[in-house]
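Worksheet for the structure shown next.
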Amino acid sequence: MPNISDLVNANTTAVADAGGAYTFISEVVSTDASTIDFSNVFTSTYDLYRITATNVGSNNTNVTYSGALEFGASGYSAYQYYLRLTPNSTSTFTYGGGGVFTLNQNNTGSAGQRANFVVDIYNPLSTNAKTAQFYGVGYAGFSGIPVNQIFTALLHSNTADQTGIRFSSSAGTMTGTFRLYGFSKT
């Protein structure tokens, strides 16, 4: 039976063989930022962008993390809707308004309580509604279920070009490493 690294390597090779590959674009390393911004980074070069976020924390306890879209000179606007796995109920999804993609994250007293997640941003320059899919895991403040599975879809109905994305914490600052990649069309 293959191990997980064999499966990941096989999948990466298959994508590369099909002609596509992720290209590193930029990185933000934060030790105490109020927001993490990727401004004016989405271009016609790519239809799919991916951000990897590692060791994401805050200087506050039990925070929520949110996403917002940049629409060129109009600035940032919060995502309008979410569909998210409820962190303290392992099989329930909730739907509502806003751009929160994870709840009750982080404990400032524990360096181990950090989040790691991936965000896929689809067709940011198309006339489709703007969407982003978040998936990953963190250490939550819920005593019954400390594993916080991050599995969220965000949507904004604006059909204008999305030029960037912003991440923020409900309180305090954000730390972590955020890397932006574009998926090649060829």
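The values are calculated or read from the model by the stated rules, or taken from the named source; none is laboratory data. This structure is a prediction, so every number in the text was calculated from the model and none was measured. Here the Cβ positions follow ideal geometry from the backbone for every residue, glycine too, while neighbour counts run over all protein chains shown. Surface accessibility is based on the protein's heavy atoms, side chains included, excluding ligands, DNA and RNA. Shrake-Rupley method; radii C 1.70, N 1.55, O 1.52, S 1.80 Å.
Can you confirm whether residue 118 is open to solvent by 50 Å² or more (accessible area, probe 1.4 Å), out of contact with any Cys (no Cβ under 7 Å at 6 or more places or on another chain) and among the β-branched types (Val, Ile, Thr)?
Numbers: open to solvent by 50 Å² or more (accessible area, probe 1.4 Å): no; out of contact with any Cys (no Cβ under 7 Å at 6 or more places or on another chain): yes; among the β-branched types (Val, Ile, Thr): yes.
No; evaluated as a whole, the condition is false for this residue.
Could you give me the residue pairs with C-beta distances under 6 Å whose first residue belongs to region 103-124 and is of a type in the set (A, V, I, L, M, F, W, C), whose second residue is surrounded by fewer than 20 Cβ atoms within 10 Å (Cβ to Cβ) and at pLDDT 80 or above wherever it lies, and which are 6+ apart or on separate chains?
Hits for this filter: 103/64; 118/52; 118/135.
Got a number for residues in region 156-186 being part of a strand (DSSP E or B), open to solvent by 10 Å² or more (accessible area, probe 1.4 Å) and closer than 22 Å to residue 44 by Cβ?
So the answer is 5.
Would you confirm whether any residue within region 59-79 is crowded, with 16+ Cβ neighbours inside 10 Å, charged (D, E, K, R) and either over 18 Å from the mean Cα position of the chain (by Cα) or not in a strand (DSSP E or B) (or both)?
No, every residue in region 59-79 fails to be crowded, with 16+ Cβ neighbours inside 10 Å, charged (D, E, K, R) and either over 18 Å from the mean Cα position of the chain (by Cα) or not in a strand (DSSP E or B) (or both).
Under the condition of being of a type outside the set (A, V, I, L, M, F, W, C) and at pLDDT below 90, which residue from region 127-155 is surrounded by the most Cβ atoms within 10 Å (Cβ to Cβ)? Before the answer, list the steps.
Within region 127-155, the subset of a type outside the set (A, V, I, L, M, F, W, C) is 127-128, 130-131, 133, 135-136, 138-139, 141, 143-144, 146, 148-149, 152.
Okay, now just the ones that are also at pLDDT below 90, so 138-139, 141, 143-144, 146, 148-149.
On the way: 138: 24, 139: 18, 141: 18, 143: 7, 144: 7, 146: 14, 148: 22, 149: 17.
Per the criteria, the residue is 138.
Residues in region 21-32: is at least one open to solvent by 30 Å² or more (accessible area, probe 1.4 Å), within 30 Å of residue 186 (Cα to Cα) and in a loop (DSSP other than H, G, I, E, B)?
yes
If residue 88 satisfies every condition in (1) part of a loop (DSSP other than H, G, I, E, B); (2) in contact with a Phe, Trp or Tyr (Cβ under 7 Å, 6 or more places away or on another chain); (3) open to solvent by less than 50 Å² (accessible area, probe 1.4 Å) but one, which is the exception?
Only one criterion in (1) part of a loop (DSSP other than H, G, I, E, B); (2) in contact with a Phe, Trp or Tyr (Cβ under 7 Å, 6 or more places away or on another chain); (3) open to solvent by less than 50 Å² (accessible area, probe 1.4 Å) is unmet by residue 88, namely (3).
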